[in-house]
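The values are calculated or read from the model by the stated rules, or taken from the named source; none is laboratory data. On a predicted model such as this, the values are computed, not experimentally measured, just so you know. Here the Cβ positions follow ideal geometry from the backbone for every residue, glycine too, while neighbour counts run over all protein chains shown.
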Amino acid sequence: MLDAALRPLIDPPLNAVARGLVRLKVPANGVTWAGFVIGMGAVPALALHMYGLALVLIALRSVADGLDGAVARATHTTHYGGYLDIVLDFIFYAGVVFGMALAQPEHATYAAFLIWTFMGTASSFLAYAVLAEKHGLATAIRGDKSLFYLGGLAEGTETLIALALFCLFPAWFPVVAVAFGVMCLLTTTGRVLAARKAFHHGKGAGPRP
């Protein structure tokens, strides 16, 4: 929801840094992997109740997540790059929630609920992208992407805000987890309805009413 509004603000500095990385011949996928490794360091940090360190690692990872796309656009985008980016995104998101479960095992049910809702946002996003490719659909709603980008109430910016709130206010983890989980469920519902509108009358392998 907030991604489109923030893009004009964050793209110029990211593009400037990306040009420097391109001159150094740093590949986009290398930035993706580096950001993922840094971000996953938040899991043990959370487990050890080192919330400040976890917040820093999450922030660094979010910068890398923006830089890899900027580097790719400054050189060339690939389908594998888009695939790698989204897969590692969801592993990272779930990993941070897992870290909170390790830190607060008494609240593991809330962590499980949130990871459950992540399954909806992830599957609805990726399945829509697959069908959009088969139907020849394209969109530039979030800039030049390797995959069809279907927006929603809970997107990247909202997810990062939720993860940051976990670190800043760990005692409020159950409240934030439930609130963001509901946002994820609403996002999944919206995407399913959008898919029904876009693909209901197309050919498919599965049965149709």
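Regarding H49, is this residue modelled with pLDDT of 90 or more, on the phi > 0 side of the Ramachandran plot, more than 17 Å from the chain's Cα centre (by Cα) and not acidic (D, E)? Yes.
Here are L84, L88: which of them is surrounded by 19 or more Cβ atoms within 10 Å (Cβ to Cβ) and within 17 Å of the chain's Cα centre (by Cα)?
L88
Of the candidates G152, G136, the single residue that is modelled with pLDDT under 90, in contact with a Lys or Arg (Cβ under 7 Å, 6 or more places away or on another chain) and not in a helix (DSSP H, G or I) is G152.
Among the residues of segment 75-110, how many are outside any helix (DSSP H, G or I) and in contact with a helix residue (DSSP H, G or I) (Cβ under 7 Å, 6 or more places away or on another chain)? So the answer is 2. Condition check: acidic (D, E) and out of contact with any strand residue (DSSP E or B) (no Cβ under 9 Å at 6 or more places or on another chain). Does D68 satisfy that? Answer is yes for this residue. For T78, the criteria (1) more than 29 Å from P8 (Cβ to Cβ); (2) surrounded by fewer than 19 Cβ atoms within 10 Å (Cβ to Cβ) hold in every case but one, which is (1).
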